[in-house]
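The block underneath contains the structure these notes are about, expressed in structure tokens.
The values are calculated or read from the model by the stated rules, or taken from the named source; none is laboratory data. The structure presented is a predicted model; accordingly, all values stated were derived computationally and were not measured. Every residue, glycine as well, gets a Cβ built from its backbone with ideal geometry; the counts of neighbours run over all protein chains shown.
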Amino acid sequence: MLARRFFSIKLETKILINNKWVDSLSGKTFPTINPATEEVIAHVQKGSAEDVDLAVNAARAAFDFGPWRRFTASQRAGCIRRLADLIEENKSELAYIETINNGKPISDSLNFDLPMTLDTYRYYAGYTDKVFGKTIPMSGPFFTYTKLEPVGVVGQIIPWNVPLIMQAWKLAPAMAAGCTVVLKPAEQTPLSALKVGELIIQAGFPPGVINIVPGFGDTGAALATHKKVDKIAFTGSTEVGLEIVKNAGVNGLRRVSLELGGKSPNIIFDDADLDLAISQAHIGVFLNQGQVCFSGSRVFVQAGIYDEFVSRSASLIKCRKLGDPLDPTTQHGSQISKVQLEKILYYIETGKSQGAKLIAGGKRLGLKGCFVEPTIFADVTDDMTIAKEEIFGPVMSILKFHTIDEVIQRANNTNYGLGAGVVTRDIEKAFKVTNALRAGTVFVNCYSVITEGAPFGGFKQSGNDKEMGTEGFMSYIEKKTVVIKTSEDTL
Ligand code: ADP
């Protein structure tokens, strides 16, 4: 029904520069696919280094000379709020685009991605007039203060797992701070980002403030190394994040904010409410087809409840409705791509060959579309590949533990540090574990509960900055110190 209703929607497929839709200079396009059907949805203009250069110059001019710098805080907030209102007015269409381009269930697009997108824009709209410096005491006849200013031209590179949310997490704080932006959406999912581009024009952002260049890794690399870019904000794999750090010094210095991968532990103690623990672990791994950076994919279960947890988790997963993402009753849709499908199936085979016990799923569903059955392995040990590497798919590894000190040590024994979970009725135990875990967000008796007001980001190889909350806003701010000579008389 939904498919028919939106059959005639107009998709944006061009590059957005200076509030104008343009073709790529090379004339090249790339097909964007519906992973649930493997059919081409549209051909999108393929941005290259030359297009990035035009977009960065537009953003630079808009920052240095455009009206944006002189917009009052309430004018900037007005643009962001109008954008949020327009996204809300178009939410069914945006949810549909998100679902056909990403493969996620339409109910998730409507009830998770769209609300969080809206909340993020509205939250940061409220930040524009809450930018305060401070006065600093100084010896002698001087008045010294700090002034908070936008960091400048920002290059933003986002992934495909939650495209609208990632776009909002990047654009909203940058807009609120007064930056100008060149955003590169993931090559797999350019369509919702471009649709929001259309709404950005309608919302009244001046030309050049927000530019969107679809393309691949080379487009991202051109943006990350462009000499007129003051800051790069990236969400994606640790591998590419490290490359961006390496390249950050090319063509001059720029700030770099990274939100990267994870292999998050989720620790379930004997005293846990078992119903809660099973559903919490389930949400922790299977939300968004397992394509979540803080996915709680290493589920440590204490020996006393281990067998029951394993058997009941296997029963629960069999109730999860897998299938057509456009069916409003579907809970589990398609993976993003054939490449990702193959990668997940490889990890499943590796789990089996290394001796983990497959207790649910484990196969591709059907021959068309990138569907993988939600999969659970029990008796996983720390040395197995599936316990060490980020799979970014619907694969839960269950590991047995005996004592609290043992599990803390094992949970922290990873290069990642993005998310973590603890399920217990004992508050002392919860405090001990949350204090000991080296992770950016720890969920206690819940999982995957994130809010725009709280900082989000990784420890260790999972990242080097925070998004969301005050910290996410400050990431787009420069601090300027001003020292004014006064006369001795004023002392
Ligand atoms: P994934 O492996 O989940 O697809 P990636 O880290 O490869 O994630 O991609 C995340 C984003 O980074 C995408 O927009 C992608 O095009 C971009 N990207 C990939 N390689 C590079 C690179 N070398 N420099 C900058 N951006 C890149």
Item checked: Filtered residues of the stretch 64-86 (kept if under 26 Å from the mean Cα position of the chain (by Cα) and crowded, with 21+ Cβ neighbours inside 10 Å) -> R76, C79, I80, L83, A84
Note to self: Given the condition assigned to a loop (DSSP other than H, G, I, E, B) and surrounded by fewer than 24 Cβ atoms within 10 Å (Cβ to Cβ), answer yes or no: does some residue in the stretch 211-219 qualify?
What the structure shows: yes
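Here are L199, L223: which of them is of a type outside the set (G, A, S) and away from the ligand (no atom under 11 Å from the Cβ)? So that I can check it myself, show each step before the final result.
Numbers: L223 fails: away from the ligand (no atom under 11 Å from the Cβ).
Selected residue: L199, the only one of L199, L223 that is of a type outside the set (G, A, S) and away from the ligand (no atom under 11 Å from the Cβ).
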Check: Can you name the number of the only condition in (1) over 22 Å from K46 (Cβ atoms); (2) in a helix (DSSP H, G or I) that E243 fails?
Finding: (1)
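Could you list, in sequence order, all residues of the stretch 171-196 that are in a helix (DSSP H, G or I), aliphatic (A, V, I, L, M) and within 16 Å of the ligand (Cβ to nearest atom)? Reasoning before the result, please.
Within the stretch 171-196, the subset in a helix (DSSP H, G or I) is 171-177, 191-196.
Still in the running and aliphatic (A, V, I, L, M): 171-172, 174-177, 191, 193-194, 196.
L171, L191, A193, L194, V196, listed by residue number.
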Check: What number of residues in the stretch 355-407 are assigned to a strand (DSSP E or B), surrounded by fewer than 19 Cβ atoms within 10 Å (Cβ to Cβ), free of Cβ contacts under 8 Å to residues at least 40 places away in the same chain and touching a helix residue (DSSP H, G or I) at 6+ places or on another chain (Cβ under 8 Å)?
Finding: 2
Notebook entry, point to check: Can you name the residue in the stretch 343-354 that is more than 16 Å from the ligand (Cβ to nearest atom) and surrounded by fewer than 20 Cβ atoms within 10 Å (Cβ to Cβ) and, of all such residues, is farthest from V40 (Cα to Cα)?
Noted result: Q354
Checklist line | Conditions (1) in a helix (DSSP H, G or I); (2) crowded, with 17+ Cβ neighbours inside 10 Å; number of the one not met by P115 | finding: (2)
Checklist line | Residues located in the stretch 87-112, provided they are farther than 16 Å from A193 by Cβ, charged (D, E, K, R) and surrounded by fewer than 23 Cβ atoms within 10 Å (Cβ to Cβ) | finding: E88, E89
Check: Does R410 meet the test of being in contact with a Pro (Cβ under 9 Å, 6 or more places away or on another chain) and either more than 21 Å from T120 (Cα to Cα) or outside the structural domain of D271 (by the TED database) (or both)?
Finding: yes
